[in-house]
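*Asks:* Okay, handing you the structure first.
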């Protein structure tokens with residue numbers, strides 16, 4: 001019930017400000033009115049949307065209220081006088097936790113307590129209907145603790161879908177709160193709290209302030225860092241392909257060769273040649289065949305240069321070993337004739353029918369290993385070369401539909417097919433599960449629970465989908481028996497269901513108007529996957545054509561193609577398209593063929609691909625790192641911490657991520673090991689499934705961990721003290737000495753090896769190459785010279801390039817705002833004699849958009865504010881005069897281009913017509929050598 005107040009009425013403006021401030025604290029409440037639950041039972045769920053949907057099915061005998069997520073947690077800091085290393089956990093008392101109500105949830109708990117009291121006092125009951133995973137069980141337990149209800153006496157209900165049938169079933173079969181599940185969640189929470197609160201300070205000490213470590217997030221970062229180094233260390237193998245193009249008519253073969261080469265030479269407006277799909281279209285239109293050489297002189301055709309045999313791969317992915325190997329690789333392939341197999345390929349090309357062979361070689365300085373030398377072999381196909389079809393084999397193959405979605409596969413599919421991030425996917429799924437307002441029906445839960453690792457489907461749902469398939473598509477699309485799928489996760493809880501529509505008859509198009517765009521696209525994906533998984537396989541006719549010919553008929557080419565014989569489950573999900581598929585013309589054995597072109601291509605193996613969200617989730621799942629409910633938050637956290645960044649949907653490890661990972665592996669090799677992380681997850685599962693004592697589990701973990709922590713504090717070196725040599729070609733611009741890599745607050749940079757005797761430093765790019773100064777057409781207000789753009793911990797900015805003898809005071813720094821425009825420096829504040837109410841330091845006076853305001857001079861260490869409106873009028877008048885004189889003495893600077901064109905206005909803000917800094921970059925270095 002809302003508090004009564006005796007305060008005087010305030011103006012609308014004041015009321016608006018107060019409301020905004022309250023909203024900023026994220027204060028929650030259920031608007032419960034005292035007495036509403038009298039004579040009724042109370043049902044507690046997690047979200048208001050879920051409450052609304054459930055309430056529709058339960059009727060007037062129940063009051064459904066939401067906890068709005070967790071209501072209690074371990075405190076974020078110790079109370080005064082307490083110095084526990086892990087706030088809220090008494091390690092010395094066998095990890096005894098102490099919980100507190102979360103800030104902003106006080107009103108929620110007050111409402112729930114009032115409702116529970118009203119219900120129980122009038123013969124009603126309290127039902128805990130939070131989500132069916134560990135987190136939901138823990139929320140139910142915390143609520144029961146606060147409401148003074150014993151876990152064994154609590155009425156706990158769970159339902160995989162928010163439908164009337166599932167809700168009725170759950171309320172007819174209540175059970176106590178599962179304390180084993182709660183203990184598993186408590187153990188995970190305390191484990192994560194121990195690692196976070198005890199390892200993070202070590203990173204502050206050994207790397208930089210403000211960093212954080214996490215038991216699972218740090219291992220996820222390691223996956224990306226290891227992949228980064230695999231890519232960096234990768235040296236490709238060289239191999240060759242010989243592709244033959246054959247006509248069915250000898251008279252046309254000669255002209256086809258010329259037309260084909262002209263077609264391949266065509267480019268679009270971006271300078272790109274024909275796509276594979278376009279090439280296949282041309283070949284099909286001209287009734288021709290493309291085939292690959294697979295055998296020559298009775299031997300498999302597979303000429304290769306195996307780099308790992310020439311320079312073995314390092315056993316570990318340390319930067320030193322990677323650098324050492326790349327140096328040896330560069331030496332091994334320094335000359336074009338070394339490890340050259342192109343002569344062998346030329347000889348084979350001549351045997352298959354290539355005439356007037358010409359070859360060339362060019363150097364690619366950026367290439368590693370055999371890729372340093374790009375080789376070309378060209379010629380003209382001999383149309384008279386003797387070729388004929390030796391065999392034609394057609395096989396019928398089947399393509400079975402994948403199983404219904406679990407959390408990880410839903411996130412992967414939404415990422416690859418819809419371009420959704422994991423969090424975006426889970427937001428849409430949450431809404432579909434909790435309920436969507438369908439016109440004429442009210443709130444309806446459209447899918448089952450979205451956090452699951454089980455592919456199990458309830459019998460009723462199987463019957464419904466089989467009936468739907470039969471009525472909509474016919475008997476030929478319905479298998480004789482239901483399709484069953486084994487869960488990929490051996491620890492999957494088969495009592496849970498896969499993610500599926502709650503009612504398969506609700507076609508996506510029927511509910512589209514009621515859904516948000518993301519919800520519709522995800523629901524369509526889930527619906528199609530579920531229906532398809534219970535349909536018969538699709539069938540393909542795969543054809544393989546073997547073509548023999550060439551000198552002494554020693555060459556065998558193979559052409560392949562396939563056609564869809566029966567669409568099966570593709571009827572719902574759509575036939576996968578591939579530009580690589582070639583439609584073969586009608587062919588017969590012994591039929592002569594006439595080559596009109598041979599393409600001889602040097603190829604190189606590819607480095608491992610970078611992780612996308614989909615592939616990272618797949619790896620986390622297969623390695624047993626985290627659980628379905630945690631994947632989205634893991635991915636978001638490691639980006640928020642700046643340990644990785646996502647570029648074009650691929651993850652790159654940052655310098656910070658690499659340094660932090662190295663330090664954690666150095667100090668905590670066991671904690672950072674994938675198999676140990678998996679082992680911990682299995683032990684957490686055993687707490688839930690096999691009654692493993694959770695405190696014993698924590699004690700075993702902490703015994704080893706605390707010892708490693710102590711040793712790390714003593715032995716780990718500071719990241720900033722470590723240097724690594726840069727390539728010899730990079731030299732100090734001041735003294736000519738070699739350079740080294742160092743780590744600073746903004747990441748890795750190049751520094752003179754003689755530091756501190758020489759203070760030269762230079763930023764470097766991802767590959768460790770020096771980044772030259774990027775000059776912009778902005779005049780430094782102090783020196784009159786063009787400024788340069790740099791990137792710091794808070795983003796890009798402009799600074800003055802200093803000349804010999806100048807100091808930082810001779811230059812200036814200009815901020816670039818989030819939209820990319822340059823801003824003039826703000827006027828320095830006026831320091832007053834007024835004390836900060838928080839720390840008693842002097843307050844600074846500034847002029848803001850709403851007039852003068854007072855802030856602590858120690859900001860951001862202290863965020864205290866003074867009350868300008870509360871000052872006496874004579875003091876305010878005196879300070880206003882001082883501020884006016886101060887601003888006159890320190891006017892706002894107008895920022896201009898080199899030709900004097902202004903970029904900022906009288907307040908220092910960008911002019912409407914001002915270009916962004918990106919448009920002001922100078923293509924040439926304007927500096928001239930000093931005399």
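*Asks:* Multiply the residue gap between residue 476 and residue 581 by 0.36 nm, knock off their C-alpha separation, and tell me the result in nm, one decimal place.
*Replies:* Computed gain between residue 476 and residue 581 is 35.1 nm.
*Asks:* Using square roots of five times the C-alpha gyration tensor eigenvalues, list the equivalent-ellipsoid semi-axes of the range 306-347 in whole Å, biggest first.
*Replies:* Semi-axes from the Cα gyration tensor: 26, 11, 5 Å.
*Asks:* How long are the semi-axes of the equivalent ellipsoid of the range 567-627, taking √(5λ) for every eigenvalue λ of the Cα gyration tensor, in whole Å from largest down?
*Replies:* 40, 23, 10
*Asks:* Still on this model: So for the range 562-669, averaging the separation of alpha carbon pairs under 8 Å that are six or more residues apart and normalising by length, what relative contact order in percent results?
*Replies:* Relative contact order for the range 562-669 comes out at 17 percent.
*Asks:* What whole number of Å gives the distance from the Cα centroid of the range 52-81 to the Cα centroid of the range 32-50?
*Replies:* 10 Å
*Asks:* In addition: Which distance in Å, rounded to a whole number, links the C-alpha centroids of the range 703-724 and the range 808-884?
*Replies:* For the range 703-724 versus the range 808-884, the Cα centre distance is 42 Å.
*Asks:* How much space per residue, in cubic angstrom, does the convex hull of the C-alpha atoms of the range 583-695 take up?
*Replies:* For the range 583-695, the hull spanned by Cα atoms encloses 269 Å³ per residue.
*Asks:* Moving on to the next point. Can you pull a Stokes-Einstein diffusion coefficient for the range 491-550 at 20 °C (1.002 mPa s), Rh from Kirkwood over Cα pairs, as a whole number of µm²/s?
*Replies:* Using the Kirkwood radius from Cα pairs, D works out to 142 µm²/s.
*Asks:* Moving on to the next point. Based on the alpha-carbon gyration tensor of the range 24-177, what equivalent-ellipsoid semi-axes (square roots of 5 times the eigenvalues) come out, in whole Å, largest first?
*Replies:* The equivalent ellipsoid of the range 24-177 has semi-axes of 29, 17, 14 Å.
*Asks:* Now, a different point. Could you give the spread of the C-alpha atoms of the range 681-824 along their three principal axes, from largest to smallest, in whole angstroms?
*Replies:* If we take the Cα atoms of the range 681-824, the spans are 74, 40, 27 Å.
*Asks:* Taking every pair of alpha-carbon atoms in the range 484-623, what share in percent sits in each 5 Å bin, from 0 to the bin with the longest distance?
*Replies:* All Cα pairs, binned at 5 Å, distribute as 2, 6, 10, 11, 13, 13, 13, 9, 8, 7, 5, 3, 1, 0, 0 percent.
*Asks:* Right, something else. Relative contact order, percent, of the chain when contacts are C-alpha pairs under 8 Å separated by at least 6 residues?
*Replies:* Once divided by the residue count of the chain, the mean separation gives 11 percent.
*Asks:* Note the direction-averaged projected area, equal to a quarter of the hull surface, for the Cα convex hull of the range 787-850, in nm².
*Replies:* For the range 787-850, averaging the hull's shadow over all directions gives 7.1 nm².
*Asks:* Would you please give the FRET efficiency between residue 783 and residue 869, computed as 1/(1 + (r/R0)^6) with r the Cβ-Cβ distance and R0 = 60 Å, to the nearest 0.05?
*Replies:* My answer for the efficiency is 0.90.
*Asks:* I would also like to ask the following. What is the diffusion coefficient of the range 209-305 in µm²/s, taking the Kirkwood radius over Cα pairs and the Stokes-Einstein relation at 20 °C with a viscosity of 1.002 mPa s?
*Replies:* 116 µm²/s
*Asks:* Right, another one. Please compute the volume of the convex hull spanned by the alpha-carbon atoms of the range 682-722 and report it per residue in Å³.
*Replies:* So the per-residue hull volume is 80 Å³.
*Asks:* Taking 2.2 N^0.38 Å as the expected size of a compact globular protein, what ratio does the Cα radius of gyration of the chain give against it, to two decimals?
*Replies:* 1.18
*Asks:* Given 4 °C and 1.567 mPa s, compute D for the range 130-191 with the Stokes-Einstein relation, Rh being the Kirkwood radius over Cα pairs; round to the nearest whole µm²/s.
*Replies:* 107 µm²/s
*Asks:* Quote the FRET efficiency, to the nearest 0.05, computed for residue 338 versus residue 818 with a Förster distance R0 of 60 Å and r equal to the Cβ-Cβ distance.
*Replies:* The value I calculate is 0.70.
*Asks:* Once all Cα-Cα distances of the range 230-358 are split into 5 Å bins that start at 0, what whole-number percent is in each one?
*Replies:* Reading the bins upward from 0: 2, 8, 13, 14, 12, 14, 12, 11, 8, 4, 2, 1, 0.
*Asks:* In addition: Over the range 24-177, what is the relative contact order in whole percent, taking alpha-carbon pairs under 8 Å and six or more residues apart?
*Replies:* This gives 27 percent for the range 24-177.
*Asks:* May I ask you to derive the FRET efficiency for residue 696 and residue 374 from their Cβ-Cβ distance with R0 = 45 Å, giving the value to the nearest 0.05?
*Replies:* Taking R0 as 45 Å, the efficiency between residue 696 and residue 374 is 0.15.
*Asks:* Mind listing the Cα extents of the range 401-536 along all three principal axes, in Å, largest one first?
*Replies:* 37, 37, 26
*Asks:* Then there's this: Take the Cα radius of gyration of the range 784-931 and divide it by 2.2 N^0.38 Å, with N its residue count; two decimals is plenty.
*Replies:* With N residues counted in the range 784-931, Rg over 2.2 N^0.38 Å equals 1.28.
*Asks:* For the range 382-458 and the range 301-316, what is the separation of their Cα centres, given in Å?
*Replies:* Using only Cα atoms, the two centres lie 38 Å from each other.
*Asks:* When ranked by the protection proxy of mean other Cβ atoms within 10 Å per residue, highest first, what sequence do the peptides 847-859, 610-622 form?
*Replies:* Per-residue Cβ counts within 10 Å, averaged per peptide and sorted highest first, yield 610-622, 847-859.
*Asks:* Give, as ranges by residue number, the residues of the range 550-573 whose backbone N falls under 16 Å from the point 7 Å along Cα→Cβ of residue 357.
*Replies:* Only 550-556 pass the distance filter.
*Asks:* Right, something else. Over the Cα atoms of the range 837-912, what radius of gyration and what Dmax do you get, in Å?
*Replies:* For the range 837-912, the Cα radius of gyration and maximum Cα-Cα distance read 16.0, 49 Å.
*Asks:* Under a crude label model (7 Å from the Cα following the beta-carbon direction), how far is residue 543 from residue 722 in nanometres?
*Replies:* Label-label distance for residue 543 and residue 722, simple model: 6.0 nm.
*Asks:* Give me the mean projected area, in nm² to one decimal, of the convex hull enclosing the Cα positions of the range 762-871.
*Replies:* Average projection, Cα convex hull of the range 762-871: 10.0 nm².
*Asks:* Given that compact globular proteins tend to follow 2.2 N^0.38 Å, what is the ratio of the alpha-carbon Rg of the range 146-290 to that value?
*Replies:* For the range 146-290, the normalised Cα radius of gyration comes out at 2.25.
Laboratory data are not the source of any read-out in this text; all were calculated from the coordinates shown. Please read all numbers here as calculations on a predicted model, not as lab measurements. For neighbour counting, all protein chains shown are included, and Cβ atoms are generated from backbone atoms with ideal geometry for every residue, glycine included.
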